[in-house]
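Notes follow once the structure below has been shown.
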Amino acid sequence: MTAVRGTGTGPGPGDLPERHRVVLTGLGVVSSIGLGVKEFLQGLQEGRSGARPITVFETEGFAHANGCEITEFDPQDWIRTLEVEQLGRAAQFSAAAARMALEDSGLDPEVLSDRRGLISIGTTDGESYDLDQLVESELADGTGRFDPAAARRVPAGRLSVAIAQELGLSNVEALTIPTACSAGNYAIGYGFDAVSSGEAEFAFCGGADAMCRKTFTGFYRLGTIAPDRCQPFDVNRKGILTGEGAGVLVLERLDSALERGATIYAEVLGYGLNCDAHHQVAPDRDSVAGLMRLALDNAGVEPHEVDLISAHGTGTKANDITEAGAIRQVFGDSPPRTVSMKSMLGHSMGAASALGAIGCALAIQNRFIPPTINHVTTDPECDVDCVPNKAVEADLRIVQNNGLAFGGNNAAVLLGRYDSGVDHAANREAIKEAS
């Protein structure tokens, strides 16, 4: 068994127990550019766009209404235990992605059912699609005409509980983390702590959200919905496209993965969290830079060791300039190549950083960098190599995945290629103790 001393953001290193190395052994994806890990990988390599006219809700009255909607998803293909009608759209995505991740990992659900585990799913809206329908019904007919099935689907806790029920996992902690657009990374960080500390033997972590009229309208009223496409870091970028989907990752102790001969996509090296509460919607550059330093320190990684940053990269004026400036604060005048998968996926809210983390793991395993599509001219105020329009081959060893959310809820995760001879967290602790 390989274990290292903890480097978490809570108590000091001397107060923490020995920690296991944690690896990713299963990935599940429901996205607008592909269902399942193979389709998703192909979509990233091709630079596929998920943008299309929105049909999931009525868009009359909006001057433009493109989004990255999932149109070919049939929950019956993946959900086998629960009644699909009892799940909201986001919970369907979540449960389906978890089933995909389980099958991809090769783990036996009967074996898992006897082991202590964790399920942590991040979200922005929970089941706002159902809430949209309930509000519409209330306005038209009053609360007495509510659809009881829709009302039962609404609690956000269903996003994680549905996974436990669908996979038959009864010895788990199941929680839903509502830290908005960074929630997927929050969920991965929580799972990393649980597995590395030995509190859980495995974890299903990620994020899920469904498109809804409420969220689209909110961003539209803020003036941040792009007319047709998302162009992160481009001088003529006009905002986000709302999206939807789910990404679920299986986290497992390294010794367990090696013992059963599992495919190891990447190692989870560490993460950072902060909440600056600077502004309801505007990001703060110094806080974002501080977040990245926390993540690097937690992972035992020096800035020069990072080969790629998967940026939050929404395509809004404020986010891209602020994030690029924070990256240069931490990484200097020659930062790693910095891409935005939202150019392909749109902004899938609570699923965004989970899908980003999956993209990072696939990039490490398959030795390529996904592109930032729709790119024409880089904004001089951003000044990053965003790998425009076409994927490139790259020998990636360490990748950083950023997630930034309203209210200053920020989270970053560091993933690395699994190398039995390199233990970043142990190296960092040795340096600290020597100094």
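The values are calculated or read from the model by the stated rules, or taken from the named source; none is laboratory data. Just so we're clear, the structure is a prediction, and the values are computed from it rather than from any experiment. Every residue, glycine among them, receives a Cβ derived from its backbone with ideal geometry; neighbour counts consider all protein chains shown. In case anyone asks, the SASA skips ligands and DNA or RNA and just uses the protein heavy atoms, side chains included. Shrake-Rupley method; radii C 1.70, N 1.55, O 1.52, S 1.80 Å.
So which of 149, 156, 200 ends up being out of contact with any helix residue (DSSP H, G or I) (no Cβ under 6 Å at 6 or more places or on another chain), of a type in the set (A, V, I, L, M), open to solvent by less than 50 Å² (accessible area, probe 1.4 Å) and part of a loop (DSSP other than H, G, I, E, B)?
Answer to the check: 156.
With the condition kept exactly as written, say whether any residue in segment 259-281 is among the aromatic types (Phe, Trp, Tyr) and part of a strand (DSSP E or B). Full working, then the answer.
So the first thing to find is which residues in segment 259-281 are among the aromatic types (Phe, Trp, Tyr), and the list is 265, 271.
Of the ones still in play, those that are also part of a strand (DSSP E or B) are 271.
Yes, that holds for at least one residue.
Which one of the conditions (1) assigned to a helix (DSSP H, G or I); (2) charged (D, E, K, R); (3) over 20 Å from residue 81 (Cβ atoms) does residue 166 fail to meet, given that it meets all the rest?
Every listed condition holds for residue 166 apart from (3).
Taking into account only those residues within segment 67-83 that are β-branched (Val, Ile, Thr) and surrounded by 15 or more Cβ atoms within 10 Å (Cβ to Cβ), which is nearest to residue 53 (Cα to Cα)?
70
Which of the residues that make up segment 268-295 are open to solvent by 10 Å² or more (accessible area, probe 1.4 Å) and within 25 Å of residue 201 (Cα to Cα)?
Selection gives 269, 271, 273.
Among the residues of segment 159-171, write down those that are open to solvent by 30 Å² or more (accessible area, probe 1.4 Å) and among the hydrophobic types (A, V, I, L, M, F, W, C). First the steps, then the outcome.
Taking segment 159-171 first, the residues open to solvent by 30 Å² or more (accessible area, probe 1.4 Å) are 161, 165, 168, 170-171.
Scanning segment 159-171 gives a single hit, 161.
Being in a loop (DSSP other than H, G, I, E, B) and of a type in the set (A, V, I, L, M) is the filter; apply it to segment 296-316 and report the residue that is surrounded by the fewest Cβ atoms within 10 Å (Cβ to Cβ).
301
Just checking, which of 98, 51, 91 is of a type outside the set (S, T, N, Q) and over 17 Å from the mean Cα position of the chain (by Cα)?
Unique residue meeting the criteria: 51.
I'm trying to understand the selection: among the residues of segment 317-331, which are buried (at least 24 other Cβ atoms within 10 Å of the Cβ) and either outside any helix (DSSP H, G or I) or among the β-branched types (Val, Ile, Thr) (or both)?
327
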